[in-house]
Amino acid sequence: MSLGWSSPAWLALAALAFPVLALFLLRPRRPRREVAALALWRASLHDPRAGHPAQRLRRHLSLWLALASLAAITLAAARPHRNLGHGSTADRLVLAIDTSASMGARLADGGTPLAAAVAAARARIAALRPGECLCLVAVGARARRLGGFSDDPRTLGDALAGLVPEAGATDLAAACRLLAAIAHEGPCRGSVLFTDGNLPATVDAEAPMPIELALLPTGGANLGITACAARRTAPGRWRVQVRIEASAATAMGGQLRIEQDGDLLAERPLAPVPVAEVAIEVAAADDRLLALRLQPYGPDCLTIDDEAWLALPKQRQLRVRVASGLDAWRRALAAQEDVIVADDDANADLVISDRSADLEDAAPLALGDGVVPVSLADLVEVGAGASAVADVRHGEPVLAHLALADLAIGERVAWAQAADEAAAERRGFRILVHGDSGPLLVAAQAAGGGERLFLLFASRRSTLPWRLAFPLLAGNLVDRTRALRGLDQTVCLPTGLLTLSGCAPGAEVRLRGPGGTVMSAQTDTDGVAAGLAADRPGPWILEDGFRHRHLGIGLLDPGETRLERRQSLQLRETTVPAAGAAASHAAGPLWPWLAAAAIALLAFDWWWMHRRW
Amino acid sequence: MAGAGRLLPNRTLARLARARLQAVGRRTARGCGMHATGRGGTGADIADYRDYAAGDDLRHLDWHAFARLGKPYLRLHRREEDRHLVLIIDDSRSMASAGKETLARRLAAGLAVAGLHGDERVSVLTHAGELLPPVRGRAAIARALGALSLAPPPGARRRIDRLCADAAARGRRGIAVVFSDFLDDGDPAAGLHRLAIAGLEPWAVQILAAGERDPDPPGDADLIDAETGATLAVDSDADLLHRYRAALRRLEGLLAAAARTRAGRFLGLAADADPERVLLRDLMQRGWLA
């Protein structure tokens, strides 16, 4: 370990030793006292005990203390530091600061972990050595550089000034990728991550450089909303489901309020349990926002997770296009509530047809009646004969409550030679209903994000239209379509990058958020807009041409709400133990100790001059 | 006895008139006196006998021995010489404080009275010179006391060993009583040694003020020598007074050893000591006076 100097020019302060010596020599006369003779006094001063080095030092102690104080002040001004043996590596260090939501938790002293992290980073900046460069990185919901490598304390300090907690969890994988990119620019000595320990259990990434984990204090009791959704139960009535979690430190109760346009719709007290699931049915207007507000009974160190929003969709009738000739489907669907059945609706929400071309429509859900998809044609053979239902996946939404056991099918649907279910799944199909010889109903994902169902036998050649299961199936299809369209249910979206479907294809959409945040994106040919960063909870508005769509955004991160604290960072192959916030700079600056020594010396000098023997 | 009353009261002088100085050795002057010596002479004391030889003085023949033994023997008498009492008073500036020099003069007066009554030749020597040349007999008592009481005030800056050397150079034999604080940069043992070589039995009386025996802590101060004006910077510490007292004990030990090894005496006195008590009790108890 060697010693270096950050400001060696200040060593010139040592020249003040000459004025100190001059002042000592010209100091005011001490009290003069006449004695009969000096012989005995002189003899006592020449005593061997007086000649002891300690006694000789004591004779001019004030001078020595003044010189020692000056030396300590000079050394402190020159800002010495210990070199910890990294001399062979480049003197470039990355300071990564966790800016996740939990870093904004209120601490007992009124501060936040982020403020403590900034203070620790500033201390590290203050201890910059000559030739040493720092790069600041903020690691929140995404990782970003706060500037390039710099040795200018002012530049680095300014970069720290704008740091605020983000509404999201720490994306350490992104941080590792960013560190890798920085390491690719040039050799780095390592990085220091200032965090409160609220980290993912494991990070599927490798450390591109040595990482030192500097743990900061974390908040205490917290209560927050971690999930919420709503489902329409009747026109104008919504069932709101909310999941509320408490921090690991203390479980506390609270009160949940549901408001719309400032009006209180419902209020529910919460018991002090770690996790609470609440379902409340409220009467709320469509196409409006529901605000869910949590009021904890006690100090709540994180407020960003106390609110969530639900954007209730606009109520409208479902548009269904049924191909001509499928009268049974037409009748069954027409009997459903809020459904308009048409033959040629280009913007239909649900398409039922016996022609493959109709299934390529942009509707979110389409059912092919007696249609074998082209990609499945070599795996399935449909011919004369009969088939029976062997198994039904009742967990699928479209098959809920269906009883198909005695269904008679006048066609034989069978697997082709050497074909089986696994081969179909490899081609992206799920078997929903198994027949005695092959699949009867399969599902696949449409290119635009919707679902496609294929009834491999023609329903008119079976007893299905005469079975109770038929109107139930039609109802399930309607419900599923409403769900895919988002007409009957809504969820609160977590903060972060959004991928929104249902927009106009190839158009520019604009997303407006709280605080005047505006961002835009280009949708693809399927009408999907991606890469929109909703970085704060609140009501957002998606502007898609002339249409406006409300979006409810919340923190909704159980890890952030629970304020979990990990003592190590588990990467793919390495574990980084916590070192404490002080460790990163304990090995650095020495000037505080020297300054303290100078003050102590001056205090001792004062005491020495005023002592009484 | 003009001025004598200021030195010692008459009753003390009367008692001292009956006291005699008790020398450790026999150091006398060549002149005829009352103090027997080891050498042969015409004194009253018989020292030895020897066979008669032709030409001897028949007055010294012991007729009683001749009648008894039938053989003439000659009586050998001790020689009786006079003895000097040199009173050396350190009248340097350091003796001016706390009445040290006054005590020295009063003690010197007492010893002078005892010496003159004992037929000593008494002289007084100071840095200013010889205050009293050698005098003898009771008739000189008034003169001696007058010289001691009318002495000029202290002010000299000479060292005590120089004064002792001055006394030694005067060629007198007997007793030299040195009254001083011995607090100068000289070698007090050397002074006593010079006196002894010159035939003067060195009696040292060290007189110190109370503040010199047990000084107060000086603190961090510049000490000024009252005699030389020299300055000494002293920074107090917890051991300073211990070292001062140790230095004082070393000086006292040095003086005592120097006097004892040269057949002399040493006495340390406080400046506020009662001179009558010292003369009539302490000196007699210690055998200085009989």
Give the number of residues within the stretch A:569-590 that are modelled with pLDDT of 80 or more and either more than 30 Å from A:Asn198 (Cβ to Cβ) or assigned to a helix (DSSP H, G or I) (or both). 0
Only one of A:Val94, A:Val137 is within 27 Å of A:Ala167 (Cβ to Cβ), touching a Ser or Thr at 6+ places or on another chain (Cβ under 7 Å) and buried (at least 20 other Cβ atoms within 10 Å of the Cβ); which? A:Val94
Which count do you get for residues in the stretch B:194-234 that are within 14 Å of chain A (Cβ to nearest Cβ), acidic (Asp, Glu) and over 22 Å from B:Lys100 (Cβ atoms)? 2
Anything in the stretch B:235-245 that is at the interface with another protein chain (Cβ under 7 Å from one of its Cβ atoms) and in contact with a helix residue (DSSP H, G or I) (Cβ under 9 Å, 6 or more places away or on another chain)? List them, or say none. B:Asp235, B:Asp237, B:Asp239, B:Leu240, B:Arg243, B:Tyr244
Checked A:Asp344, A:Asp369 against criteria (acidic (Asp, Glu) and either in contact (Cβ under 8 Å) with a residue 60 or more places away in the chain or surrounded by 15 or more Cβ atoms within 10 Å (Cβ to Cβ) (or both)); the one match is A:Asp369
Positions within the stretch B:75-98 being at pLDDT below 85 and within 14 Å of another protein chain (Cβ to nearest Cβ), in sequence order: B:Asp91, B:Ser92, B:Arg93, B:Ser94, B:Met95, B:Ala96, B:Ser97, B:Ala98
If you go through the stretch A:389-434, how many residues are of a type in the set (Val, Ile, Thr) and open to solvent by 30 Å² or more (accessible area, probe 1.4 Å)? 0
Contacts under 7 angstrom Cβ, first residue in the stretch A:166-177 being within 17 Å of A:Pro494 (Cβ to Cβ), partner assigned to a loop (DSSP other than H, G, I, E, B) and among the basic types (Lys, Arg), 6 or more apart: A:Ala167/A:Arg536; A:Asp171/A:Arg142; A:Ala174/A:Arg142
Looking only at the stretch A:347-361, and only at residues there that are touching a residue at least 40 places away in the same chain (Cβ under 8 Å) and part of a strand (DSSP E or B), the one that is nearest to A:Val322 (Cα to Cα): A:Ile352
Considering only the stretch B:270-286, state which residues are more than 17 Å from the chain's Cα centre (by Cα) and either part of a loop (DSSP other than H, G, I, E, B) or facing chain A (nearest Cβ under 7 Å) (or both). B:Ala271, B:Asp272, B:Ala273, B:Asp274
Subset of the stretch B:183-220 [closer than 24 Å to B:Ala246 by Cβ and part of a strand (DSSP E or B)]: B:Ala204, B:Val205, B:Gln206, B:Ile207, B:Leu208
Within the stretch A:361-388, work out how many residues are more than 15 Å from A:Phe454 (Cα to Cα) and among the hydrophobic types (A, V, I, L, M, F, W, C). 4
Determine, yes or no, whether B:Leu267 is within 27 Å of B:Leu13 (Cβ to Cβ), within 26 Å of the chain's Cα centre (by Cα) and at the interface with chain A (Cβ under 9 Å from one of its Cβ atoms). no
Given the criteria open to solvent by 10 Å² or more (accessible area, probe 1.4 Å) and in a helix (DSSP H, G or I), does A:Asp109 qualify? no
Output yes when any residue across the stretch A:380-392 is at positive phi, within 40 Å of the chain's Cα centre (by Cα) and not β-branched (Val, Ile, Thr), and no when none is. no
Give me the helices (runs of 4 or more DSSP H) completely within the stretch B:57-152, filtered to those with at least 2 residues that are in contact (Cβ under 8 Å) with a residue 40 or more places away in the chain, ordered by residue number. B:100-117, B:141-149
Please find, among A:Ala214, A:Ala205, A:Ala246, A:Ala230, the residue that is touching a Pro at 6+ places or on another chain (Cβ under 9 Å), on the phi < 0 side of the Ramachandran plot and buried (at least 16 other Cβ atoms within 10 Å of the Cβ). A:Ala246
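The values are calculated or read from the model by the stated rules, or taken from the named source; none is laboratory data. Just so it is clear, the model here is predicted, and its values are computed rather than measured. FYI the Cβ positions are ideal-geometry reconstructions off the backbone, even for glycines, and counts take in every protein chain you see. SASA here: full protein model, heavy atoms, side chains in, ligands and nucleic acids out. Shrake-Rupley method; radii C 1.70, N 1.55, O 1.52, S 1.80 Å.
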